[in-house]
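Student: Structure in structure tokens, see below.
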There are 2 protein chains.
Amino acid sequence: MTKHRTTLKDIAIKLGTSTTTVSKALKDYPDISLATKMAVLKMAKKMNYEPDMRALALKNGKSNIIGVIIPEVAHHFFSNALDGIMKHAEKKGYKIILTSSYNSLKKERKQLKFLFNKKVDGIIVSLANETKKVKHFDILKKYEIPIVMFDKVNESFECSKVSIDDEKSAYVATKFLLDKGCKKIAHIKGPRHPLNSVSRFEGYKKALEEHNVEINPELIKECKEVTIEEGYNFTRELLTQVNKPDGIFAVTDQVGVGAIQAAQSLGIKVPEELKIIGFSDSQIATIIRPNLTTIHQPNFEIGKTAINMLIKEIELLEKVETADFEYEQQILDTYLVEREST
Amino acid sequence: MTKHRTTLKDIAIKLGTSTTTVSKALKDYPDISLATKMAVLKMAKKMNYEPDMRALALKNGKSNIIGVIIPEVAHHFFSNALDGIMKHAEKKGYKIILTSSYNSLKKERKQLKFLFNKKVDGIIVSLANETKKVKHFDILKKYEIPIVMFDKVNESFECSKVSIDDEKSAYVATKFLLDKGCKKIAHIKGPRHPLNSVSRFEGYKKALEEHNVEINPELIKECKEVTIEEGYNFTRELLTQVNKPDGIFAVTDQVGVGAIQAAQSLGIKVPEELKIIGFSDSQIATIIRPNLTTIHQPNFEIGKTAINMLIKEIELLEKVETADFEYEQQILDTYLVEREST
DNA sequence: CTGAAAGCGCTTACAG
DNA sequence: CTGAAAGCGCTTACAG
């Protein structure tokens, strides 16, 4: 058994007064005599009184806790976005219950249910790769619990969202290779599901089409895990086939780094013989030699924007009777960072 | 206002019975008739009943929530340790409230107080760099709230701890350079405070002393932020002074990567003219060319061990009257990974 | 200015 | 087998 902590009642008994009075004194109600107030304050301090937030949450119907569900924790993008979420939640007096879906739909459902039962004030989620249908989020609508999706969002679900324009960014990346003179541009894409990879693939195709370059299935590879290893292996495949690419657009920096290493392992010069561009602008892009040209993505800002939108909704909801406000959809800017690999 | 959620009372009214009966039926008490039980279960399902965990926490005195305080979120080591903490907390039915001290003592105090008021079942902490005295943790002792420290621990505070042997690992790293024939080994150390950097410095000195190599202050540099940039700048200083080192032990891989880049910028060959070893075995160590030799640290395992120790204490405490069990101190193994930079 | 009472959503010892 | 009552720690409308 853990030890008894001081409650309002303890203070009241010690002072021969009521919990009502103690509560009011502590909360600085106007209808308490100065003498009583001082006595209560003093005793509360002496007894190390700290309010029990469980009771407050139950009573007030507000916990000042926000639930977060992310696909992965030990991941460059998510830990940075999380940093943005936490710093700004902190500023506004909220704390975070952090959960992970580990990219599994089943876990995502479980975490959501838990956060719902926990009565968090709102939820921020980046969908699991497995998640296609988002029916499980309907319960939040039903009980008017604010939710904001970021990065891995669902197109059809109505809620506020923060993301980048993956298609446009991929278009920019691919067009950059075209402008640099590449004729045969390969794309090592992400898995079929998360919307991001699909959109990046679309941007790639759009740029090629616009420049009247035929899309060649031989030059398109699809990752499962989106790792350095996959980037390495696919690039070796690409570079040893008859129809070799002279440019590669990699779906992430991890894959791009693998691509550079693969080219080097075959004695192919980057950028002279092969130009490579990544996506994300993570630290590894600056460490690999030649440095990886990439698309910069505002990780921290994405998290920050998401939490600010969510808190705005939470606090709006406290005032109005019913939630019929407009959902916001913010698309944050990306930009190309030119380095040595192109 | 958020919408009303189904409570036991709602079900009871609908069924013309009492909340007591509903509660018991839901919890499968033996003294409920099968008919009632079925009816309750059915209605609960129909009305989408979900228990309110705030009420449970208040009633049971247990929240199944663990508070975590880490110095940084967007950090390779901490996000991996956190991954270990979360995965294993999950398995045992606990969730995490994640907070960060941002390496500030003041924030650490604030987060601790919050978690205390929140009545979490236990706390896992890695101390802020600023934290020297840990008096603020005494309150946990007073109320018998289990706490486990990991990585950045305090020597004198009595509680369970998980870490690695920084001194020994640093000794191994330095000795490795000596065995490779280095005569003048520099050390780019961390800031004066966190115990880790001090211990690593001790290990460095010990190895030199044992090999009768004099410790030369000219060869010792002290980082503030422990970044690639600092590693780069200090290494350039070291390599342009009269008394040049032929080996560098860097306090982290970040610093080690900066060191390699600095050597390259001066046309000094690694490992032929200068051998470099890092600490942590993070991804960047495998990406830099030449690859960085380093000390492997079990990030995920550290988190996993910490959470398992904590849950053990929490559950023990539920059974016994008072907490007088032994604190565990686990030192996890590290090992040297030889790569190209030595 | 003070305090008894009701209530937030649950559990459980106890009486019937 | 069922349910009224007390209680977890707080808040607040209301009566005095």
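Student: Could you check B:S79 against (1) free of Cβ contacts under 8 Å to residues at least 24 places away in the same chain; (2) more than 7 Å from chain A (Cβ to nearest Cβ); (3) among the hydroxyl-bearing types (S, T, Y) and say which number it fails?
Tutor: (2) is the only condition that B:S79 fails.
Okay, residues lined up against (1) outside any helix (DSSP H, G or I); (2) under 30 Å from B:E338 (Cα atoms); (3) at pLDDT 95 or above; (4) in contact with a Ser or Thr (Cβ under 8 Å, 6 or more places away or on another chain):
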| position | (1), (2), (3), (4) |
| --- | --- |
| B:V68 | yes, no, yes, yes |
| B:I96 | yes, no, yes, yes |
| B:E108 | no, no, yes, yes |
| B:K152 | yes, yes, no, yes |
| B:V162 | yes, yes, yes, yes |
| B:F176 | no, yes, yes, yes |
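Student: Which of the residues that make up segment B:117-134 are assigned to a helix (DSSP H, G or I) and within 22 Å of B:K304 (Cα to Cα)?
Tutor: none
Student: Answer with yes or no whether B:C159 is touching a residue at least 60 places away in the same chain (Cβ under 8 Å) and either touching a Pro at 6+ places or on another chain (Cβ under 9 Å) or on the phi > 0 side of the Ramachandran plot (or both).
Tutor: yes
Student: For B:N196, state whether it is assigned to a helix (DSSP H, G or I) and of a type outside the set (S, T, Y).
Tutor: Considered against the rule, which asks whether it is assigned to a helix (DSSP H, G or I) and of a type outside the set (S, T, Y), B:N196 comes out as yes.
Student: On to the next question. Being hydroxyl-bearing (S, T, Y) and on the phi > 0 side of the Ramachandran plot is the filter here; which residues of segment B:273-303 pass it?
Tutor: Residue satisfying the conditions is B:S280 alone.
Student: Right, here's the next one. Checking the condition facing chain A (nearest Cβ under 10 Å), in contact (Cβ under 8 Å) with a residue 12 or more places away in the chain and in a helix (DSSP H, G or I), which residue from B:F137, B:F114 passes?
Tutor: When all the criteria are applied, what remains is B:F114.
Student: Say we look at segment B:324-342 and pick out the residues that are acidic (D, E) and free of Cβ contacts under 8 Å to residues at least 24 places away in the same chain; which of these is farthest from B:N308 (Cα to Cα)?
Tutor: Only one residue fits best here, namely B:D324.
Student: Kindly provide the set of residues from segment B:29-47 that are part of a loop (DSSP other than H, G, I, E, B) and modelled with pLDDT of 90 or more, ordered by number.
Tutor: Across segment B:29-47, the qualifying residue is only B:M47.
Student: Taking segment B:1-28 as the region of interest, how many residues are more than 7 Å from DNA strand D (Cβ to nearest atom), surrounded by 12 or more Cβ atoms within 10 Å (Cβ to Cβ) and part of a loop (DSSP other than H, G, I, E, B)?
Tutor: Within segment B:1-28, residues that are more than 7 Å from DNA strand D (Cβ to nearest atom), surrounded by 12 or more Cβ atoms within 10 Å (Cβ to Cβ) and part of a loop (DSSP other than H, G, I, E, B) number 5.
Student: Residues of segment A:17-28 being more than 7 Å from DNA strand C (Cβ to nearest atom) and free of Cβ contacts under 8 Å to residues at least 12 places away in the same chain, which ones?
Tutor: Within segment A:17-28, A:K27, A:D28 meet the criteria.
Student: For segment B:62-70, check the following and say yes or no: at least one residue is more than 11 Å from DNA strand D (Cβ to nearest atom), within 10 Å of chain A (Cβ to nearest Cβ) and surrounded by fewer than 18 Cβ atoms within 10 Å (Cβ to Cβ).
Tutor: Yes, segment B:62-70 contains a residue that is more than 11 Å from DNA strand D (Cβ to nearest atom), within 10 Å of chain A (Cβ to nearest Cβ) and surrounded by fewer than 18 Cβ atoms within 10 Å (Cβ to Cβ).
Student: Looking only at segment B:29-54, which residues are buried (at least 16 other Cβ atoms within 10 Å of the Cβ), within 14 Å of chain A (Cβ to nearest Cβ) and either of a type in the set (A, V, I, L, M, F, W, C) or within 12 Å of DNA strand D (Cβ to nearest atom) (or both)?
Tutor: Across segment B:29-54, the qualifying residues are B:A44, B:D52, B:M53, B:R54.
The values are calculated or read from the model by the stated rules, or taken from the named source; none is laboratory data. All figures in this text were calculated on a predicted structure; none of them were measured in a lab. For neighbour counting, all protein chains shown are included, and Cβ atoms are generated from backbone atoms with ideal geometry for every residue, glycine included.
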